[in-house]
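The values are calculated or read from the model by the stated rules, or taken from the named source; none is laboratory data. Quantities reported herein were computed from a predicted structural model and do not represent experimental measurements. Note: ideal-geometry Cβ built from the backbone for every residue, glycine included; neighbour counts use all protein chains shown.
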Amino acid sequence: MITEEVHEGPARATAYVCEAASCMSAQSHEITVRLGERAAVAGLSDVMVKRVGCLGLCAAGPLVESPRRASCSTTSGLTTSRAS
């Protein structure tokens, strides 16, 4: 996993994980950690997982957004969405 602190050059994909108060109370930090771990295990060294502020759908959190993929929310694990 590439983090925002050590990333050099463009990432192939970026997942933005909301870590605002509502999503944090719904365990979004765990989602951030698990996404990073899964990317690392899969050898996806060009994937960036980035913590961000509110994504605007607090009641549906925790939220993960990827610009090339549909937003997804999860409260019991990770979900995967495919590009439209």
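Tabulated data for the structure shown
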item: Subset of segment 16-44 [closer than 19 Å to Leu63 by Cβ and at pLDDT below 90]; result: Ala39
item: Residues of segment 1-15 satisfying the condition of being out of contact with any strand residue (DSSP E or B) (no Cβ under 8 Å at 6 or more places or on another chain) and at pLDDT below 75; result: Glu5, Val6, Glu8, Gly9
item: Count of segment 20-53 residues which are over 16 Å from Ser66 (Cβ atoms) and outside any helix (DSSP H, G or I); result: 6
item: Within segment 45-84, tally of residues that are closer than 14 Å to Glu19 by Cα, surrounded by 10 or more Cβ atoms within 10 Å (Cβ to Cβ) and at pLDDT 85 or above; result: 16
